[in-house]
Amino acid sequence: MLERIDKIFASCGVLTRSECQTAVKRKKITVNGEIVKSPSQKADIEKDEILYENNVVELKKFVYIMLNKPNGVVSASEDGNCKTVVDILPESYKRKGLFPCGRLDKDTVGLVIITNDGVSSHKRLAPKTHAEKVYYFETVDPVSIKDVEKISNGVLLKDGYTTKPSKVKLLTDNSGEITLIEGKYHEIKRIFGSLGNKITYLKRISFAGIKLDSNLLEGEARYLTKEEQDLFTK
Ligand code: URA
């Protein structure tokens, strides 16, 4: 598929669009041996030989993106009605086959990993190798030490399911951090609901040991670092 040179470099994670512009000006990019004259020039990454400073530019098979999900966005690849976490990625990150690893509720904010690596994603969600997930929460009513104890032993939900033990660290009477080792529908809201309390704010701050980058504003994304990728794919 023919695509702009700057788009190719951005989706390969090699150069941002503005870095690509500079590289073109400095005659550092060639396509099939010809110096590229404009970042808008088109090439086909699968058919043409694209070189940057004499190194071959290749499309990475897998990409791993960290998104700070805002409120009101759906954790899916596509949705008929609402914006999805894939829709809101910067254009240069978009490519075929991206999906979020697991789901946050529409009104939950924070860390979502978006990838096209189905095998690793499956591992991080499978019961035996499920990723540990940490959420910051706020509640309507104070959370007692008794509640923390109950949650750490597992809580019987209204549908008859008993949750796996979850650690809770209280930060104030009405807020704290909870660590889940499984992913049941609305799990945190239902845990607190079964204790007669209500979640008013929920933010995922860590997934599989990968911490939400505090430099990312809501709606912003970046590629995972090598170390973070290793935590995701291990
Ligand atoms: N638990 C919830 O209740 N909602 C989420 O989005 C994630 C965990």
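The values are calculated or read from the model by the stated rules, or taken from the named source; none is laboratory data. Predicted, not measured: the structure shown is a model, and the values here were computed from it. Every residue, glycine as well, gets a Cβ built from its backbone with ideal geometry; the counts of neighbours run over all protein chains shown. Side chains are part of the model used for accessible areas, which takes the heavy atoms of the whole protein and leaves out ligands, DNA and RNA. Shrake-Rupley method; radii C 1.70, N 1.55, O 1.52, S 1.80 Å.
Here is how the numbers come out for the structure above:
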{"item": "Which numbered condition Glu227 misses (of (1) outside the structural domain of Thr108 (by TED's automatic domain parsing); (2) of a type outside the set (A, V, I, L, M); (3) open to solvent by 70 Å² or more (accessible area, probe 1.4 Å); (4) away from the ligand (no atom under 16 Å from the Cβ))", "result": "(1)"}
{"item": "Residue check for Asn71: open to solvent by 60 Å² or more (accessible area, probe 1.4 Å), within 16 Å of the ligand (Cβ to nearest atom) and polar (S, T, N, Q)", "result": "yes"}
{"item": "Residue count, the range 135-161 (criterion: in a loop (DSSP other than H, G, I, E, B), of a type in the set (Asp, Glu) and open to solvent by 80 Å² or more (accessible area, probe 1.4 Å))", "result": "1"}
{"item": "Asp107 vs. criteria farther than 21 Å from Glu228 by Cα, outside any strand (DSSP E or B) and either more than 14 Å from the ligand (Cβ to nearest atom) or in contact with a Pro (Cβ under 8 Å, 6 or more places away or on another chain) (or both)", "result": "no"}
{"item": "Test for Val112: is it aliphatic (A, V, I, L, M), open to solvent by 10 Å² or more (accessible area, probe 1.4 Å) and either within 12 Å of the ligand (Cβ to nearest atom) or under 16 Å from Ile205 (Cα atoms) (or both)", "result": "no"}
{"item": "Unmet criterion (only one of (1) open to solvent by less than 60 Å² (accessible area, probe 1.4 Å); (2) away from the ligand (no atom under 16 Å from the Cβ); (3) over 27 Å from Glu19 (Cα atoms)) for Asn81", "result": "(1)"}
{"item": "Tally of residues being open to solvent by 20 Å² or more (accessible area, probe 1.4 Å) and in contact with a Phe, Trp or Tyr (Cβ under 7 Å, 6 or more places away or on another chain) across the range 16-33", "result": "1"}
{"item": "Strands (runs of 3 or more DSSP E) enclosed by the range 164-219 - at least 1 residues per element that are open to solvent by 40 Å² or more (accessible area, probe 1.4 Å) and hydrophobic (A, V, I, L, M, F, W, C)", "result": "167-172, 199-207"}
{"item": "Tabulated pairs, the range 66-85, first over 13 Å from Thr108 (Cα atoms), second open to solvent by 40 Å² or more (accessible area, probe 1.4 Å) and not basic (Lys, Arg), C-beta under 6 angstrom, 6+ apart or interchain", "result": "Ser77/Phe99"}
{"item": "Test: Glu132 is away from the ligand (no atom under 15 Å from the Cβ) and open to solvent by 10 Å² or more (accessible area, probe 1.4 Å)", "result": "no"}
{"item": "Condition met for Lys60 (open to solvent by 80 Å² or more (accessible area, probe 1.4 Å), in contact with an Asp or Glu (Cβ under 8 Å, 6 or more places away or on another chain), in contact (Cβ under 8 Å) with a residue 24 or more places away in the chain and away from the ligand (no atom under 16 Å from the Cβ))", "result": "no"}
{"item": "Selection from the range 171-200 of residues that are more than 13 Å from the ligand (Cβ to nearest atom) and touching a residue at least 60 places away in the same chain (Cβ under 8 Å)", "result": "none"}
